[in-house]
Every structure is written in C-alpha cells, then in structure tokens.
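The structure appears right after this line, and notes come after that.
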Amino acid sequence: MTTTLIDGIGLLYTGDPEREEIPDAALVLADGLVTWVGPAARAPDADERVDVRGRAVIPGFVDSHAHLIFAGDRTAEFRARMSGEPYTGGGIRTTVAATRQAGDAALAARARALVTEMRAQGTTTVEIKSGYGLTVEDERRSLEIATGLTGETTFLGAHVVPADMDADSYVRLVAGEMLEACAPYAKWVDVFCERGAFDGDQTREILSAGMKAGLGVRVHANQLGEGPGVRIACELGAASADHCTHLTPADVDALASSETVATLLPGAEFSTRSPYPDARRLIDAGVTVALATDCNPGSSYTSSMAFCVALAVREMRMTPLEAIRAATYGGARALRRTDVGWLRPGARADLVVLDAPSYVHLAYRPGVPLVHQVLQGGLLLEEDIQNPPSDVVL
C-alpha cells in the first residue's frame, strides 16, 4: 500500500463538522481513501510527498441535482426571457421531442462531456436524472446511459405530463409500467410537484410506488409557488426537497424537524430572473442545506458548482463557509452519502486543490477558473481538465 502526503496546504476545508478548517494543513491518502488529516507539523511519514505550495484544498463538490440526459438546446427560450419577449416554443416539451429523436450514442456523448466539464470544475460526485423521455423506453434508456456515468441515478418520469396524454393516465403509467422498466437502473425516484406538473395526490402515488420498488425519495418542491411538495418530502422521509424557493412557516418547521435536506438551486433563479430561496431563514432554523447546479438546458444550463457558491453568497446571504459546506457536505447528505463531501479518515479521497489560499476566493473571485487539480478516489484527473472531450457541441 503506497501512502501519499499532500503537504503545504495553506487552508484545508475538511467538511467535517468537528473540525471544518485547518490552516497549514496536510492530508495522507492511501488506496483511494483519506487516512490522516491534521496540521502539517504533525504529519506522519509517507511513501510519496506532494507540496501544493500554500494552495487551499477542499472536498470535491457533490452536485446532487442535475439533468444531463437530453438533446437539443433552448437558446431561443433563454434569449426571449432575457429580452422580455413572449416565448411559445414549448419549454420542457421542446427538450423531450429532441431527446426522443436522438440516438443513444448522441445522448451519452453529451452527458459524458458535461460530466467531464463538471469534473474540471471540481465536481467529483454528480446525481443524474431522467425526465426528458416521458415514454417507457425513452426513460429506461436515459437511465441506462446515466448508470455509465454515476451511481446516483434518479427516475424522473414525473417531470411533466406529455402533450398526448391526460394526467391520470400518465400517472398510472409512471407508477406502473414505466417504474417497472426504470427501477433496475435507478437509485432514486423524483416528482416535479408543482402547479402545471403534478399535484400532491399524484406525487404521493408515484413516490409511494417508487418506495415499494426499493427506490429512495427526492422531490422537486415549491419552486414556482407555495404547495405541498416540501411537506410531502418530509412526510415520506425524502433525502432531499429541491428548490424550496417559496416556503411557508410550516414548510420550514417540517424541514427543521426532519432529516430531509433543503437543496437550493440558485442557477435556476439566475437563469429565469426569479426570486432566490431564503437560505438564511432555513439555516437559522437548523435545516441542512445543500447547493446544486440543476444543470439542464432550459432553466439552469451551468455545470459550475463554484458559480453556485458565488450566487449563494451574493444573492442568498450565505457566508462563504456556509456555501462551501452546502456544496460539499450538504450535497453528500442530500444523497445520503457518508463517503464523500468531506475529508476525514475513511472518506473517499475526492479533493480539489485551488489556485487560491482559501475557499473564500470561490465567491470573492467569481467566474475565475481557480481549480488547479482534482483528485477522484486519490487519482489525479488533470488529463480530463486539460483535454476535455471534443466529440459533442455543448
């Protein structure tokens, strides 16, 4: 077993609630895991030594909400929205049509390119949803493609109701034949519980069927307005309620008294010019908060967790420490993972070396490429960072 000492760390953000920040720090890695963390002056001997020369080190970002299996783009929709013009192109259904027409190879190439783009920016764990197929076969193949990229796959057949079906018939399909076909490729089940999508009763029916099939629960909740989504998530023991933009006092109380993480997606508010979630209210109530990109072609086409950290600090009144915690430790909690999102003995050696003395620079210098190196399972991903795939137009 070869041991590697990562030395000369100016500031180490561990993600470990017991000891979050260590100045003048060091790490020891072996067999893809962290085996020691502490002040550099106390570091044990190791077979190899890497000096990062005063740079900061953080855990790899954990992006717990992303929609990467799709074809086409929605540039016209974004342009119209930013110009204050009406748009009637079809929104999600535009992407559904393009995705159904695309071959497996094209869908896989785009998703693989986006995952590589994410890794180059420090994301070492990503969740990927279906939801742009909305037929039994298109949802199944979307999830099969996703399993080649991550272990965190989510069945989101209940994204919207297809134009050629009525809501009740589609709910029966999602909770029945579609779930049966997709469950072997999914870890999670999710529903877009929102006006214009699925109501509370429909959401419960689909999520309950997913739970019976052995899937964990996630919920798109309270993005466009107040509704039952957050309380259903807490009631069913969901790992995460995502968006959480419009919350009542009862919603906040439900989150605070549950194990459900509130996953905030500021890229969506940025891209739609919508009000941001009140992160301060959630944190002050004791709710565990995560940040994620919501990477998708319609409402948040960003793969950058660092960008979301900067938005959280500037627009949602989170401190830099709270934002980096939400993007690492919080994301791991939203996936019910204890092996990622922090750097402590026994954790996977997923870490990011920043070209900065502190993680604060992620918000202090927004838009600047600060990632110097990424290690995933102790392996350097510098090749991917320098040579991203060129076989697909993003």
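The values are calculated or read from the model by the stated rules, or taken from the named source; none is laboratory data. None of these values were measured; they are calculated from a predicted model. Every residue, glycine as well, gets a Cβ built from its backbone with ideal geometry; the counts of neighbours run over all protein chains shown. When the accessible area is computed, the model is the full protein with side chains, heavy atoms only, and any ligands, DNA or RNA have been set aside. Shrake-Rupley method; radii C 1.70, N 1.55, O 1.52, S 1.80 Å.
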Length-normalised contact order for segment 121-257 - Cα pairs under 8 Å, 6+ apart - percent:
18 percent
May I ask you to list the GluC sites (Glu not before Pro) in segment 7-84 that are in a DSSP loop and have at most 13 other Cβ atoms within 10 Å of their Cβ?
E18
Would you kindly derive the ³J(HN,Hα) couplings of segment 23-28 from the backbone phi angles with the Karplus curve 6.51 cos²θ - 1.76 cosθ + 1.60 (θ = phi - 60°), listing them in order in whole Hz, with x for Gly and Pro?
x, 6, 10, 8, 9, 10
As a test of the formula, what do you get for the chain when each DSSP H run with n ≥ 4 contributes -39,500 (n - 2.57) and the sum is divided by the residue count, at 222 nm and rounded to the nearest 500 deg cm²/dmol?
-9000 deg cm²/dmol
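When the accessible area of segment 49-159 is computed with all protein chains present and a 1.4 Å probe, what percentage of it is carbon and sulfur? Let's see the in-between values first.
Values: 1940 of 3910 Å².
Carbon plus sulfur share of accessible area: 50 percent.
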In the list (i) 26.5; (ii) 18.5; (iii) 19.4, the entry giving mean projected area of the Cα convex hull in nm² computed from the coordinates is (ii)
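Just to confirm the filter: which trypsin sites (Lys or Arg not before Pro) across segment 8-110 are DSSP coil and have at most 15 other Cβ within 10 angstrom of their Cβ?
Numbers: sites: R19, R42, R49, R53, R55, R74, R79, R81, R93, R100, R110; in loops: R19, R53, R55, R74.
Passing sites in segment 8-110 are R19, R53.
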Multiply the residue gap between T3 and S208 by 0.36 nm, knock off their C-alpha separation, and tell me the result in nm, one decimal place.
69.2 nm
Find how many whole Å separate the alpha carbon centroid of segment 50-126 from the alpha carbon centroid of segment 150-173.
20 Å
Take every Cα pair under 8 Å in the chain that's 6+ residues apart, average their separations, divide by the length, and report that relative contact order as a whole percent.
20 percent
Given a Förster distance of 35 angstrom, what is the FRET efficiency for D24 paired with R281, based on the Cβ-Cβ distance and rounded to 0.05?
0.45
Low-density loop cleavage sites - trypsin sites (Lys or Arg not before Pro) in segment 233-341, where at most 12 other Cβ are within 10 Å (DSSP)
R273
Once both labels are modelled 7 Å past Cα along the beta-carbon direction, what's the M82-T135 spacing in nm?
3.4 nm
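Tell me the per residue accessible area of the chain using a 1.4 Å probe; a whole number in Å² is fine. It would help to have the intermediate numbers written out before the result.
Numbers: 15590 Å² over 394 residues.
Averaged over the residues of the chain, the accessible area is 40 Å².
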